[in-house]
1. Just report the Cα centroid separation between the stretch A:81-117 and the stretch B:349-388, whole Å.
2. Could you give P(r) for the stretch B:291-343, binned at 10 Å from zero, as whole percent values over all Cα-Cα pairs?
3. Run through the DSSP bridge list for the protein assembly as shown and note the antiparallel percent, rounded to the nearest 5.
4. What dipole magnitude, in Debye to the nearest 20, does the stretch A:104-188 give about its Cα centre under +1 on Lys/Arg Cβ and -1 on Asp/Glu Cβ?
5. Which percentage, to the nearest 5, of the DSSP beta bridges contained in the stretch A:93-173 is antiparallel?
6. Looking at the stretch B:330-421, which trypsin sites (Lys or Arg not before Pro) are in a loop (DSSP not H, G, I, E or B) and have at most 11 other Cβ atoms within 10 Å?
7. What is the mean number of Cβ atoms from other protein chains located within 10 Å of the Cβ atom of each residue in peptide A:73-86, rounded to a whole number?
8. Taking a cut-off of 19 Å, what percent of all Cα-Cα pairs in the stretch B:91-221 are separated by more than that?
Amino acid sequence: MKPFSKINSIVTPFDKANVDTDQIIPKQFLKLITKSGFGKFLFYDWRFDNNGQPKNDFILNDPTYKDSKILITNENFGCGSSREHAVWALKDFGFNVIISPSFADIFYSNCFKNGVLPIILDMKNIKKLLEISDEVELDLNSQKIIFGDEFINFEIDSHRKIRLLEGLDDIDLTLKENERIENFEKISSIVTIFE
Amino acid sequence: MAQTLFEKIWNSHVVVEKENEPSLIYIDRHLVHEVTSPQAFDGLRVNHRKVRRPDLTIATIDHNVPTTDRSLPMVDETSSTQIKTLEQNCNDFGIKLFGINDPNQGIVHVIGPQLGITLPGGTIVCGDSHTSTQGAFGAFAFGIGTSEVEHTLATQTLWLEKPKTFEILATGKRKNPFAVTSKDIILSIIKKIGTDGGRGHVLEYRGDAISDLSMEQRMTICNMSIEAGSRAGLIAPDQKTFDYINNRKYTPKNYDDLVEDWKNNLMSDSNSKFDKSFTIDVEKIEPQVSWGTNPSMVSDVTEKIPTPEEFGQNNTIQIESAKKALEYMDLEPETLITEIPVDRVFIGSCTNARLEDLIDAATIVKGKVVNSNVSAMVVPGSQMVKHEAEKLGLDKIFKDANFEWRESGCSMCLGMNPDILKPGERCASTSNRNFEGRQGSGGQTHLVSPVMAAAAAIAGHFVDVREWS
């Protein structure tokens, strides 16, 4: 995974609560067997009309936000299905950071596995960010979102932060613990399926 | 120190624990299906990794499969490719696959328990959020993303932050246990605690009203834990649990010894503390019908659809959501639930397509005919359920009433196969999600129990099934 670096971008306001992963990537696009190419299907039913034409009133079709890497949304983002395709679609579309008052558990975890940073902020700070039309600088290392002379701090689990910053592979790290996994298997009475 | 059931399971599966960091947790069972696994197997190939424990892993094909005649070639090429990919992956990595023509094929959360693969006290994962179903057996069962599928295949472990615990205490006795089902209990719970009420927590359903339920009814409850925002929900095992798993195809040989151990250990200690608690009296629960686009938007069948303001109770986000939901659902506030007509009826899914669900629905349907404005189908949760139902003659009851009787799979719960709603079609569905477009772009889903769905199919609109039983 590529290390997560500083991001300079305008923010895309997407004021919806309880956005489920069925909306982020509808089921008809889950049949691909690769991780790439999902961006064009992001929010498909909201972005396109029945003839496949972009809906002008949908925020992600507004050219202002074409190069935005930061999505700001409302509570319980990513609820429902565990499909990681939702994160692949957001990332492929260009979003590296999602800011919300809260995230659904599985979606939140899926983000980190793909180099996408989910940031939890309170509504006061979210409202502040939504008023900014210029670019903001997002610095994971110092845990700051900087705009003009001001900044907002955000919290993140230090363990996850390091993994993002260094672009570490989870499986590589786990395999370093192989001895302990083997030991666990020896001392625990694991019941296998096939005897 | 007194521990909850979840804490006991967690503690017995910790491989690595460091302060203020996620723990490495051992996984006892990994269930794989065709939609969320291809990229995981690809990752293994690229990095020259093997599957660490094929003896703790099984796979099946459920999301994509057609529910029509399986001897015919598949029409959808991309579905066919995904299915062939899983067959190839299982072959390459030595994983037991219950394939499309296997008598044990079915929805992954239905076949796990039916085959005796799901066991109490264990950790169970699958790349599917409804893995929580299997918590009904007193296991820590939860859905994972594809990266975690790959991680589990390679290491048989996962890094997890320890969730908090949330007690859901269900007291009292249902007034009409045939018509007021476990689906109505869980929908009532979600209505109260909200779609994110359980976020960061593992739910433990407790109390006499839970003990009273059969295993299949308990699975319906645990299944929808994720709809309350919880990655997992569980129920302490009892004699019903042990009997359900006994004498299944893969029930362990030393089963009696295991049961003894489970009996002594798998319960929350009497003085254990939960981080949160919620109590519900099931005596007050009526049959539920969802009217909106998330599973907390439900009403009693005797009620009217609320106004957004009534639903939102001063919460502007909720009021806005309800407005949008009613617009999408093409419904007016203050409409009586029983006046809502339906075009389609779907009895199926990992929530409500086990044998008991079909028996109950058939009891309603027997001797009646589906309303001429309605098209209705039954999709058994597994080929085993289908076979058992046919032995009881349920297929004949449904077919005589003009229901379609299909092969097993996820089907119209999420519509990845040809079973979808057309735009504007309204469906009474026994599934778990009423999200926009879930059952087909523009389709309108109402979540109900199997008996409520069956009655709606006959009447052509929602009815209070208590009046039919």
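Please treat every number below as a calculation from the coordinates, not as lab data. This is a predicted model, so every value here is computed, not measured. Here Cβ is always computed from backbone atoms with ideal geometry, including for glycine, and neighbour counts include all displayed protein chains.
1. Taking the Cα centre of the stretch B:349-388 as reference, the centre of the stretch A:81-117 is 37 Å away.
2. Calculated over all Cα pairs of the stretch B:291-343, the distribution is 26, 61, 13, 1 percent.
3. If I count the DSSP bridges inside the protein assembly as shown, around 30 percent turn out antiparallel.
4. Values: 11 positive and 19 negative charges, 49 e Å.
Charge dipole of the stretch A:104-188: 240 debye, to the nearest 20.
5. Working: 7 of 11 bridges.
Rounded to the nearest five, the antiparallel share is 65 percent.
6. none
7. 6
8. Details: 4848 of 8515 pairs.
Everything past 19 Å amounts to 57 percent.
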